1. With the requirement that a residue be part of a strand (DSSP E or B) and either under 17 Å from residue 76 (Cα atoms) or near ligand 1 (Cβ under 6 Å from one of its atoms) (or both), what does region 3-24 give you?
2. Going by what's in this entry, would residue 23 be described as closer than 28 Å to residue 218 by Cα and at pLDDT below 95?
3. Just to be sure, is residue 42 surrounded by fewer than 19 Cβ atoms within 10 Å (Cβ to Cβ), in a helix (DSSP H, G or I) and more than 14 Å from ligand 1 (Cβ to nearest atom)?
4. Among the numbered criteria (1) surrounded by fewer than 23 Cβ atoms within 10 Å (Cβ to Cβ); (2) touching a Leu at 6+ places or on another chain (Cβ under 9 Å), which one does residue 58 miss?
5. When residues of region 1-31 are filtered for being free of Cβ contacts under 8 Å to residues at least 40 places away in the same chain and buried (at least 17 other Cβ atoms within 10 Å of the Cβ), how many remain?
6. Might you check whether a residue that is among the aliphatic types (A, V, I, L, M) and touching an Asp or Glu at 6+ places or on another chain (Cβ under 6 Å) occurs anywhere in region 109-128?
7. Between a residue in region 44-67 that is farther than 19 Å from residue 91 by Cβ and any residue that is in a helix (DSSP H, G or I) and open to solvent by less than 20 Å² (accessible area, probe 1.4 Å), which pairs come within a Cβ distance under 6 Å, given they are 6 or more apart or on different chains?
8. With respect to residue 91, is the statement that it is buried (at least 19 other Cβ atoms within 10 Å of the Cβ), closer than 25 Å to residue 29 by Cα and either more than 14 Å from the chain's Cα centre (by Cα) or without any contact (Cβ under 8 Å) to a residue 24 or more places away in the chain (or both) true?
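The values are calculated or read from the model by the stated rules, or taken from the named source; none is laboratory data. Small disclaimer: the values here were computed from a predicted structure and weren't measured. We place every Cβ from the backbone using ideal geometry, glycine too, and count neighbours over all the protein chains shown. Heads up: the accessible areas ignore ligands, DNA and RNA and are worked out on the full protein's heavy atoms, side chains in. Shrake-Rupley method; radii C 1.70, N 1.55, O 1.52, S 1.80 Å.
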Amino acid sequence: MDAILLAAGKGTRINAENPKQFIKIAGKPMFIYSLEALRKSKYIDTIYLTCNPLHLNLYKEILTNYAIERVVLVEGGDSRQQSVYKALLEAKSNRIIIHEGARPLISTDFIEEIISQDQQDGVIPTMPISFSIIEGEQFIEKELVRSRLHNIQLPQLFDREKLLNAHKKAIKDDYQTTEDGMLLFHYGGKVKLVKGRESNIKVTTPLDIEIVEKLIKLG
Ligand code: CTP
Ligand code: MG
């Protein structure tokens, strides 16, 4: 099966010199952790890496340094959703695993646990929410019941054609979302929830970098 690794963002919320995926954590560019974990799985053939077109040479240089094979560079789009769509068009396999470079604490073991799930339209790992969430701007506008909410993680497994068709409909409808499980559900897909991992932290802010670096150094 092919894999997509999303690493075409700008990292505006981290506001570093280069985009977030290039930030070194314990000496290694962040997206390389995910790339190495995917590459170690015997189930994964080609990895489609979405790249920020302004930095193509930097990706190539880093890939050469770390000698990671069977990686195809795909120029990403302006949004995460557009980057996924472009990579889905390039990928070949019936089932596809999608991960994001901003989650470097992923393991090959966890990737293979997701791959081993039964055939469904989509399979997404989630964690329970440990805090309370409400909707609103200046005032509370809506209550949400924590016990029914889920924190969505990656890697995620999809039927590639079903996800691609959902993306095509989303383009027609100008429907935008932040994640593919929801996008597939929106267009009628059956998306299974499986258990995520607490350590599978998403790096969004400078504090996340510090936390992840400490965890990596602890081994
Ligand atoms: N991503 C992508 N293409 C985009 C935007 C994001 O491939 N146009 C990728 C990012 O590189 C990241 C993942 O999608 O691995 C999740 O996105 P996010 O954490 O939001 O990263 P950025 O968009 O880079 O950060 P920010 O939103 O703070 O600008
Ligand atoms: Mg973003």
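1. Hits for region 3-24 are 3, 4, 5, 6, 7.
2. Judged against the criteria, residue 23 is not a match.
3. No: the conditions fail for residue 42.
4. Failing condition for residue 58: (2).
5. 3
6. No, the conditions are met nowhere in region 109-128.
7. 66/32
8. Yes, satisfied.
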